[in-house]
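Notes for the one structure printed next.
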Amino acid sequence: MQSLYVEGNSALHRLSPRVKVLSLFLLGLVLFISSNIPLLAVVMLLTVLAYRSVGMPMKESAARLKPIFLTIAFVALITFIVNPWHQALATLLRLTALMLFAAAVTATTTIAQFMDEITTLVRPVERIGWVNATDVGLAVGLVLRFVPEIIARYHAISEAHAARGLKVRPTTILTPLIILTLRDADNVAAAIDARGIRRHVS
Amino acid sequence: MSTRDLVLTALFAAIIVALGLLPPIYVGIVAVPITAQSLGVMMAGVVLGAKRGSIAVLIVIALVAMNLPVLSGGRGGMTALVAPTSGFLYGWVVAAFVTGFLSERLVNAGQSSLVQTVSFFLAAVIGGIFVLYPFGIVFAAIVADVTLQKAFLGSLFYIPGDVIKAFVAALVGRAVMVGYPLLPVRA
Amino acid sequence: MDIRFESAGASFGARVAVEPLTLSLTENRLGVIGLNGSGKTTFARMINGLTKPTTGKVTVNGRDTRDEKTALADVGFIFQSPQNQIILPIVRDDIAFGLKGRGFTKAEIDRKVEMVLTRFNAGELATRRAHELSGGELQIAALCSVLATGPNILILDEPTNQLDLRNRALVQKIIDGLEENVVVITHDLELISGFERVLLFHEGKLAADAPAAEAIAHYRELAA
Amino acid sequence: MDIRFESAGASFGARVAVEPLTLSLTENRLGVIGLNGSGKTTFARMINGLTKPTTGKVTVNGRDTRDEKTALADVGFIFQSPQNQIILPIVRDDIAFGLKGRGFTKAEIDRKVEMVLTRFNAGELATRRAHELSGGELQIAALCSVLATGPNILILDEPTNQLDLRNRALVQKIIDGLEENVVVITHDLELISGFERVLLFHEGKLAADAPAAEAIAHYRELAA
Ligand SMILES: Nc1ncnc2c1ncn2[C@@H]1O[C@H](COP(=O)(O)OP(=O)(O)OP(=O)(O)O)[C@@H](O)[C@H]1O
Ligand SMILES: Nc1ncnc2c1ncn2[C@@H]1O[C@H](COP(=O)(O)OP(=O)(O)OP(=O)(O)O)[C@@H](O)[C@H]1O
Ligand SMILES: O=C(O)CCCC[C@@H]1SC[C@@H]2NC(=O)N[C@@H]21
Ligand SMILES: [Mg+2]
Ligand SMILES: [Mg+2]
């Protein structure tokens with residue numbers, strides 16, 4: 001989830017978030033169903049263009065995608081070993097296209113827009129009475145907000161280890177990380193209440 | 001759901017997502033990676049309890065369904081929802097629930113630190129291995145079209161790592177109980 | 001403003017944070033001072049209902065805080081660590097976020113956001129990311145988010161924390177200029193030195209309720 | 001202490017946080033002041049090697065910080081937000097934790113923990129939960145953890161943040177009484193008003209390097 005919002009004013013930035021979120025969803029479906037290689041290749045090329053259009057410098061965009069590419073390469077390799085080659089190629093194209101498009105959408109959609117779209121999407125389900133659409137939107141927004149914060153905390157705590165000459169170990173990182181983020185979360189919850197953001201519950 | 005519970009579940013969903021930034025490790029020719037995210041699932045159960053822990057996992061699955069690259073190695077979307085890995089993914093909901101359920105019953109503040117740690121460990125092993133693996137194995141066998149036996153043998157690869165993760169989750173659970181007690185308000 | 005504490009106190013388990021106290025607060029400016037851990041933040045949270053009294057009751061403009069499930073909408077609160085209070089990463093989005101679900105149209109929300117940014121001369125903050133802001137800018141962004149919803153009472157918990165002389169002066173100027181009723185909790189005594197009413201807390205009890213000079217003098221004795 | 005900056009500067013991407021500067025610091029007490037974002041924290045982090053210079057070099061007691069993989073062990077650092085620095089949840093455990101793996105026996109570690117707690121008159125903090133401590137208590141717990149390991153130079157980044165008058169005076173007394181070499185970064189000018197050498201940063205550059213009174217006067221002009 002490193003691929004967070006990138007400032008800019010590209011066509012994708014201006015495109016309605018609803019269209020983006022829906023087409024991401026639909027693309028996932030279509031790519032999943034089809035295994036027609038020429039079609040997949042064309043779609044993949046289109047997603048390359050979409051991703052390039054966001055306007056990130058080449059170096060940054062490559063850095064963002066590197067870990068994902070490695071995974072895709074590996075999954076394709078496994079598929080290649082146990083399946084016919086064209087299936088492996090289809091997997092490679094499919095995953096690459098999806099990844100690029102997901103990266104392009106997350107780079108051009110703000111958290112606020114995501115929250116609004118999800119709230120609208122979930123609204124019909126609300127009738128069952130299981131979930132509250134506003135809460136689902138809020139929860140998703142909070143996840144997107146917390147991820148970079150957790151990473152920043154992780155860096156702060158490993159620096160604290162370094163400053164005291166201590167080795168970084170999973171438990172000595174995780175314990176303070178979780179306690180500190182829990183405390184932050186409590187403060188965020190208090191702020192949400194103080195700002196009257198979840199007034200539908202009262 | 002109180003605002004606090006909502007925020008805490010979102011926090012643990014975010015912790016699971018963040019653990020996905022650690023690169024997944026693929027062993028052998030099984031298309032299911034060893035991932036740090038299952039540690040996040042165990043911790044969600046241990047720290048938040050059954051209800052909030054399993055909702056945290058559901059939020060992650062909702063993000064996957066939106067095609068967001070939140071699983072280890074940047075995966076998401078249909079290709080992650082109907083794949084050899086997906087049984088584990090759905091099983092995570094139950095795993096977090098069972099881990100949380102057992103933690104809530106087994107652990108209380110009056111016990112010695114050893115008892116607490118061992119109980120959290122057991123809860124994480126039962127939820128995160130015994131309950132989780134059947135989901136993963138059956139689903140993998142169906143999707144990848146291999147025999148159950150083969151899928152079962154393949155899943156043995158994960159045991160050492162998952163036992164270590166259960167242990168880490170237990171230490172974290174115990175430390176949180178000492179340093180930031182949430183258990184009294186669990187339920 | 002009209003805040004009443006009627007034998008209202010708050011405890012966390014065995015620890016009493018604020019002992020039962022009876023007070024009526026109607027001043028436009030109120031200062032709150034005291035040693036670390038003396039109960040200032042807890043007292044302030046009782047005003048907006050974030051902390052419910054464990055004994056007695058608190059009413060704000062006639063409403064009992066215990067009757068409201070969540071915090072009172074007409075009491076704005078700037079927290080001791082404002083970075084946790086900014087919920088969405090982009091300042092403009094965050095301000096707008098607090099206005100949603102209140103029956104405003106999108107256009108009205110946008111207008112209100114612009115208005116509050118203009119009020120604090122903070123238009124250039126609109127598109128900035130909250131986590132990149134300096135301490136002073138963050139404080140101002142938090143103020144905008146809270147004031148956009150039009151609270152009648154504003155509580156500021158240590159608003160000059162970490163600020164340099166310049167940002168401190170800016171915050172002081174903003175506080176002095178607010179039309180809203182303001183409650184300021186602070187260790188920065190200059191900030192409240194002109195206030196007519198200052199509460200001094202000590203170990204959860206009210207040790208003074210007096211004009212600034214007197215309360216500050218008493219505080220200095222306690223701290224010595 | 002013997003800290004040398006030789007045309008040492010630090011940038012983050014395109015943003016220059018500290019412009020290349022050449023300095024030799026040998027005083028037992030050093031103050032660092034400046035506006036928010038002027039580069040004070042970055043400068044301090046360059047001293048213990050948490051931030052490596054992107055140009056030039058920094059040596060501390062003769063060692064080049066670039067040669068050390070991690071931060072220098074003989075430079076203790078109290079962070080601007082000390083809660084990040086406490087690694088284990090209980091104060092006593094945290095102090096002991098920093099001493100592990102240095103070849104001490106369990107008994108020696110326990111003795112050292114007691115010693116440092118006694119030194120700061122903080123015995124009652126030993127069994128407290130770090131996240132529940134008030135600002136002042138947290139600052140003192142962080143000091144204990146760092147000083148237990150016996151650093152030769154101690155860097156304090158805004159140590160009086162959030163503190164009441166009493167804790168502020170306590171921290172001031174502690175700083176004055178430390179035998180260690182001390183670098184204090186602060187917006188609380190009184191804290192460094194007796195220092196013979198104070199560095200004033202402005203937009204990443206050294207705007208003054210002078211006795212306290214002179215540097216402070218210059219700072220006030222900048223902030224006006
Ligand atoms: N959620 C909580 N759980 C347990 N104890 C708490 C809680 N909140 C506050 N306290 C305790 O209540 C007392 C009063 O705390 P409070 O935060 O109101 O102090 P304060 O005057 O604002 O202090 P400071 O100047 O350090 O901000 C302290 O002893 C504190 O440890
Ligand atoms: N890790 C980083 N990445 C990018 N920019 C940074 C980073 N750390 C600091 N900066 C920038 O470098 C400049 C100097 O920051 P620094 O933290 O040193 O300031 P400071 O003088 O300590 O300010 P304050 O008084 O607010 O603590 C600021 O513009 C800051 O935004
Ligand atoms: O990323 C996914 O799509 C789900 C991965 C599931 C991996 C499972 S969880 C239990 C077992 N332990 C591991 O480390 N990996 C597998
Ligand atoms: Mg307080
Ligand atoms: Mg700083």
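Some notes on this structure:
- Residues in segment D:14-41 that are under 30 Å from C:V171 (Cβ atoms) and without any contact (Cβ under 8 Å) to a residue 60 or more places away in the chain: D:A14, D:R15, D:N36, D:G37.
- Residues of segment A:173-183 satisfying the condition of being surrounded by fewer than 20 Cβ atoms within 10 Å (Cβ to Cβ) and at the interface with another protein chain (Cβ under 7 Å from one of its Cβ atoms): A:R183
- Within the option set C:A215, C:A224, C:A208, being within 25 Å of C:V16 (Cβ to Cβ), in contact (Cβ under 8 Å) with a residue 40 or more places away in the chain and of a type in the set (G, A, S) holds for one residue only, C:A215.
- For segment C:18-47, a tally of residues being out of contact with any Gly (no Cβ under 6 Å at 6 or more places or on another chain) and within 14 Å of ligand 1 (Cβ to nearest atom) returns 15.
- Against the list (1) open to solvent by 10 Å² or more (accessible area, probe 1.4 Å); (2) more than 28 Å from A:E60 (Cα to Cα); (3) within 14 Å of chain C (Cβ to nearest Cβ), the condition D:L23 fails is (3).
- If you check A:A104, A:A152, A:A156, A:A88 for being within 19 Å of the chain's Cα centre (by Cα), surrounded by fewer than 20 Cβ atoms within 10 Å (Cβ to Cβ) and under 28 Å from A:A62 (Cβ atoms), only one passes: A:A152.
- Taking the listed residues C:A148, C:A126, C:A122, the one that is away from ligand 2 (no atom under 16 Å from the Cβ), among the small types (G, A, S) and closer than 22 Å to D:L222 by Cα is C:A122, with no other qualifying.
- Qualifying residue in segment B:121-128 (condition: open to solvent by 60 Å² or more (accessible area, probe 1.4 Å), β-branched (V, I, T) and either under 30 Å from A:V19 (Cβ atoms) or in contact (Cβ under 8 Å) with a residue 40 or more places away in the chain (or both)): no
- Just one of the numbered conditions (1) surrounded by 15 or more Cβ atoms within 10 Å (Cβ to Cβ); (2) over 21 Å from B:V32 (Cα atoms) is not true of A:M58: (1).
- Here D:F77 fulfils each of the conditions (1) farther than 21 Å from A:V168 by Cα; (2) within 7 Å of another protein chain (Cβ to nearest Cβ); (3) of a type in the set (F, W, Y) apart from (1).
- Applying the set (1) within 10 Å of ligand 2 (Cβ to nearest atom); (2) surrounded by 22 or more Cβ atoms within 10 Å (Cβ to Cβ); (3) in a strand (DSSP E or B) to D:A44 leaves exactly one unmet item: (3).
- Any hit, segment C:175-183, residues being assigned to a loop (DSSP other than H, G, I, E, B) and at pLDDT 95 or above: no
- Leading residue by the ranking (nearest to the other protein chains (Cβ to nearest Cβ)) among those in segment D:183-218 that are open to solvent by 70 Å² or more (accessible area, probe 1.4 Å) and within 15 Å of ligand 2 (Cβ to nearest atom): D:E203
- From B:G73, B:G49, residue being more than 19 Å from B:V107 (Cα to Cα) and either within 16 Å of ligand 5 (Cβ to nearest atom) or of a type outside the set (A, V, I, L, M, F, W, C) (or both): B:G73
- Matching residues in segment C:131-182 - criterion: being within 8 Å of chain D (Cβ to nearest Cβ), farther than 24 Å from C:I47 by Cα and away from ligand 5 (no atom under 16 Å from the Cβ): C:A169
- Some residue of segment B:59-80 being open to solvent by 10 Å² or more (accessible area, probe 1.4 Å), over 19 Å from A:T71 (Cβ atoms), more than 12 Å from ligand 3 (Cβ to nearest atom) and modelled with pLDDT of 95 or more: yes
- Lone qualifier among A:A102, A:A194, A:A152, A:A139 - being within 8 Å of another protein chain (Cβ to nearest Cβ) and touching a residue at least 12 places away in the same chain (Cβ under 8 Å): A:A102
- Restricted to segment D:32-58, and to residues there that are among the basic types (K, R) and within 13 Å of the chain's Cα centre (by Cα), the residue that is farthest from ligand 4 (Cβ to nearest atom) is D:R45.
Let's see how each residue does on (1) over 26 Å from C:T26 (Cα atoms); (2) in a loop (DSSP other than H, G, I, E, B); (3) among the basic types (K, R); (4) away from ligand 1 (no atom under 16 Å from the Cβ):
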site	(1), (2), (3), (4)
C:A141	yes, no, no, yes
C:S145	no, no, no, yes
C:N161	yes, yes, no, no
C:R166	yes, no, yes, yes
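- The lone exception for C:L117 - which of (1) open to solvent by less than 10 Å² (accessible area, probe 1.4 Å); (2) touching a residue at least 40 places away in the same chain (Cβ under 8 Å) it fails: (2)
- Selection within segment B:156-179 - surrounded by fewer than 21 Cβ atoms within 10 Å (Cβ to Cβ) and out of contact with any Ser or Thr (no Cβ under 7 Å at 6 or more places or on another chain): B:L156, B:F157, B:I159, B:P160, B:G161, B:V163, B:I164, B:F167, B:V178
- Candidates in segment C:57-80 are the residues that are assigned to a loop (DSSP other than H, G, I, E, B) and without any contact (Cβ under 8 Å) to a residue 40 or more places away in the chain; of these, the one that is surrounded by the most Cβ atoms within 10 Å (Cβ to Cβ) is C:A71.
- Options C:G76, C:G101: the member that is at pLDDT below 85 and either away from ligand 1 (no atom under 16 Å from the Cβ) or within 30 Å of C:A10 (Cβ to Cβ) (or both): C:G101
The values are calculated or read from the model by the stated rules, or taken from the named source; none is laboratory data. The structure presented is a predicted model; accordingly, all values stated were derived computationally and were not measured. Here the Cβ is made from the backbone with ideal geometry for all residues, glycine too, and neighbour counts use every protein chain on show. For accessibility, only protein heavy atoms count, side chains too; no ligands or nucleic acids. Shrake-Rupley method; radii C 1.70, N 1.55, O 1.52, S 1.80 Å.
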